[in-house]
Amino acid sequence: MLCREVQNYISTAKGLPFFYIVGDEGYQTALEDLKQAGLSVVRMSDFCPKEDKYPSVDELIDYFRTSDVDYRDNKFIVIGLGEYLALRGVAAADKELRRLKTTTLGNARAVLLLRGVSEQAKKIVKDDNRMVEQQRVFLSKDLSTSITITNVTDDIGLVANKGIKALLQLLEDGASNNVMATSSLLFDSSIFPVSNIKGAYSTISLLIQGFDLNESCGTTEQWERLLLDLSKNKKSLDAVFKKNGIDDSVLNDLVYWVSGLEYRNWLAFLYLKENSDLIHNAYLKMVVDSTNCFDELKRNLLVGITSISHKDPGFKALYDDRKRLLKDFPEEDIAVFVKANEVDPEESIYRLTDNTLLERKTIIKWIVQHGLSPAISYVYPALNDYLRKYIFEGALSAELTEYFDAYKKQKVANKISDEFLALVEMHASKLTYAKLPTRDNAVKAIANKDSAYLYWIDALGVEYLSYITALAKKKGLSIHTDVVRSDLPTITSINKQFYDQWNGGKKYKEDQLDNIKHKEKGGYFFTDDEDPIHIPAELEVIEKAINTAAMELGMHHCKSFVIASDHGASRLAVIRKQEVPYDTDTKGEHSGRCCKLFDGCDAPHFIPENGFIILSDYGRFRGSRPANVEVHGGASLEEIVVPVITLTLRKQTGVQITVIHPDDIIADRHSGVTLTLYISDVESPDNVRIVVDEKTYQGKTENGAHFVFELTDIKRAKTKPFSADVFDASDLIGTISFKVKGKTATVKDDFDFGDEF
């Protein structure tokens, strides 16, 4: 219902405008009441000269005066004026309202329905009491307004109609709360709170509900491209992802998606950011959550691990996830990580992986500088298997076990101890190797040669047996190893009869190991880098051989796969740099480890054989061609002792090994520990053994299934469980653990006399 002041104003011409000051709550009611009273609606928006130009108050006043002559239609409600003035600001509102209050209308009557400028209107009324006296003003009880403006300057269809005119029309129709607009006018002085959404990123943030990515995640050009794509895909980010082929498969080819700088690569980054909560890889999630710039994503994936100590409780899980994540990244990318990882040498070893040759070489160089680390077991499992002590059997078992365990550690560390040099010279003096059977006899003794595959690995010594045994176990192969000796000198021309005279099935010669050690085409040169960075390449040759064996046996192309060699090689003879003062006529492949026989040689350790003088310590004849990284031709144990390995498909699959009465294993300080195992399937019951703390214990059995081991060296309990590798002859068939209790923990105290006292 109209208030008395308005009713009086309408019924009696006053010649001046009426200020009807309202808030949001009373706006629509007042407008409807005025319309019911016969007042025509005049929209301020109709006085905009263009869609995005401010309306003209002068033209509004001219309209009033023109209408004065038409007595039939000279009563008006002006809407949109207050909102327009609020958008212009306090100063403009005050100026125009003061002008309008004194604007003469003749016989016309104009009710200015003012919303948004209540404070300015009230001040004017206070300054001019005549408005109240003339009954030309009315103030509603609630003058508050909730109007805020969101002005999207780069709109993609979010706002139906563009320009200030469309905005005023919405306000004239009673819009409140947040009102969307698209205008080039920034409303810098507006009484209404105005958010100018300028730029593609701000528009996207407004467009997509819950979009909370930082603007730094992309460049201006990338956000503009995305905004354009959104306009073509129903404003749906998921639709844009789908159109560009981006989904969960991003994780399957991460190296591709993070390596490019194209728009689709950036979209993949946004996909990861938007779906971070669904990422199961903990390392990837950590990196994605902490990366706010696409250009930094790849580097952060590579080097993020360097900010985490290996002592952190979550480090190992992050390490494992990162290793899986980056397994296909090329070495040129991994080089960025390797360089960044150099900062803290004490931590760096724990972060390296064996994914790339570069990292494997870096691990070797770290060991050379800092020594062996427990981290090797997980950062480079193959090297750990190579370094594992191999327990030899048969003739010279103790001597060979001691010698090659020390040899491998010093080869990797690139150092020779005085104690080991003394051991080398001792064996050189005793001709220890002579107690071993010959390789040729071992090859001749191979049964069923017609169904055997002979695989010759040139320069394969027994140093690799622990690694070969571990690989065979992983591939499910049974292994039998004969430890034998080559003929002297340890050069190929003297030691290839076993291959040339092979009268069995298929045969193949693998040259790469020998090439790596001392051929130019192997690509490794001691003069370029004295560290043993060739070791990873050596292990790859071994792995290839075992993979070939598994394939050939699995395809039943052969029944046995025999790996044999002409000779081994010595790394320590190279790093020793010991020159024997005689010129050699073998300046080619043998690098001074042997030469044609001559009279008067007084080298401290040599053997004359087959028309050659063969050095049995680490000396090299003067004038010989420098070795690449390893040598052969001499008579050190690593050059002369070689394996003949027979691999077959393991007959026993899923062998069950059970510790009998595990809670009753007691250490006796006199006799040690008795351990009983049940083994479900055994090929060689008379040759079942376990290795505990690098010591071998032979098992005894009466039924071929239960084996008793007397562990005479374990005479004390230990908090942590013992671990034992279980061998069926040469075949590593499993690993078990067991706990040992002290005797006093299992019986009553010697001074406990029961109830007698």
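The values are calculated or read from the model by the stated rules, or taken from the named source; none is laboratory data. As the structure is a prediction and not an experimental result, all values here were calculated from the model. Neighbour counts run over all protein chains shown; Cβ positions are idealised from the backbone, glycine included. Side chains are part of the model used for accessible areas, which takes the heavy atoms of the whole protein and leaves out ligands, DNA and RNA. Shrake-Rupley method; radii C 1.70, N 1.55, O 1.52, S 1.80 Å.
Order the following by accessible area, largest value first: 184, 202. Probe radius 1.4 Å; ligands, DNA and RNA are ignored.
184, 202
Give me the extension gain from residue 497 to residue 134: residue separation times 0.36 nm, minus the current Cα-Cα distance, reported in nm with one decimal.
Stretched fully, the residue 497-residue 134 segment lengthens by 117.8 nm.
Give me the one-decimal nm value for the distance between modelled label points at residue 415 and residue 103, 7 Å along each residue's Cα-to-Cβ direction.
9.7 nm
Mean residue ellipticity at 222 nm from the helices of the chain, using -39,500 (n - 2.57) per DSSP H segment of n ≥ 4 over the full residue count, to the nearest 500 deg cm²/dmol?
My calculation for the chain gives -10500 deg cm²/dmol from helical runs alone.
Which chymotrypsin sites (Phe, Trp or Tyr not before Pro) from segment 513-612 combine a DSSP loop assignment with at most 15 other Cβ atoms within 10 Å?
Sites meeting the loop and neighbour criteria: 525, 598.
Heavy atoms only, probe 1.4 angstrom, no DNA, RNA or ligands counted: give me 605, 280 ranked by accessible area, highest first.
Result, largest first: 280, 605.
Counting other C-beta atoms within 10 Å, and keeping those with at most 14, which DSSP coil trypsin sites (Lys or Arg not before Pro) do you find in segment 218-306?
Loop-located and lightly packed - 234.
If R0 is 41 Å, what FRET efficiency do you get for residue 426 and residue 378 from their C-beta distance, rounded to 0.05?
0.65
With Rg/Rh (Cα atoms, Kirkwood Rh) as the read-out, I listed (1) 0.98; (2) 1.32; (3) 1.00; which label goes with the value calculated from this structure?
(2)
What shape does segment 50-161 have by the C-alpha gyration tensor, where a ≥ b ≥ c are the square roots of the eigenvalues, rounded means a/c under 1.5, and otherwise prolate means a/b greater than b/c and oblate the rest?
Oblate, because a/c is 1.5 or more while a/b does not exceed b/c.
Within segment 57-152, how many Lys pairs sit with Cα atoms under 21 Å apart, leaving out pairs fewer than 8 places apart on the same chain?
10
May I ask you to compute the full-extension gain from residue 609 to residue 735, defined as 0.36 nm times their residue separation minus their alpha-carbon distance, rounded to one decimal in nm?
40.9 nm
Rounded to the nearest 0.05, what FRET efficiency do residue 29 and residue 316 have when you use their Cβ-Cβ distance and R0 = 51 Å?
0.15
Apply the Karplus curve 6.51 cos²θ - 1.76 cosθ + 1.60, θ = phi - 60°, to the phi angles in segment 599-614 and return the couplings in whole Hz, x for Gly and Pro.
After applying 6.51 cos²θ - 1.76 cosθ + 1.60, I find 7, x, 6, 10, 4, x, 9, 8, 10, x, 7, 6, x, 10, 9, 10 Hz.
Suppose each label sits 7 Å from its Cα in the direction of the beta carbon; what would the residue 579-residue 238 distance come out to in nanometres?
If labels sit at residue 579 and residue 238, their model points lie 7.7 nm apart.
Quick check: pseudo-label points 7 Å beyond the Cα along Cα→Cβ at residue 51 and residue 91, how many nm apart are they?
3.1 nm
Could you list which residues have their amide H under 5 Å from that of residue 149, counting only those 5 or more apart in sequence or on another chain, with H placed in the peptide plane?
When sequence neighbours closer than 5 places are left aside, the close amide H contacts are 179, 194, 195.
Please arrange 469, 153 by accessible surface area, largest first, computed with a 1.4 Å probe and ligands excluded.
153, 469
FRET efficiency for residue 327 and residue 221, Cβ-Cβ distance as r, R0 = 41 Å, nearest 0.05?
My answer for the efficiency is 0.80.
Take the residue pairs 298/521; 475/695; 361/739; 435/715; 235/285; 273/316 and return only those whose Cα atoms are more than 31 Å apart.
Exceeds cut-off: 298/521; 361/739; 435/715.
Using 0.36 nm per residue of separation minus the Cα-Cα distance, give me the extension gain between residue 264 and residue 184 in nm, one decimal.
25.6 nm
If the only charges are +1 at each Lys and Arg Cβ and -1 at each Asp and Glu Cβ, what is the size of the charge dipole of segment 496-604 around the Cα centre, to the nearest 20 debye?
That gives a dipole near 520 debye.
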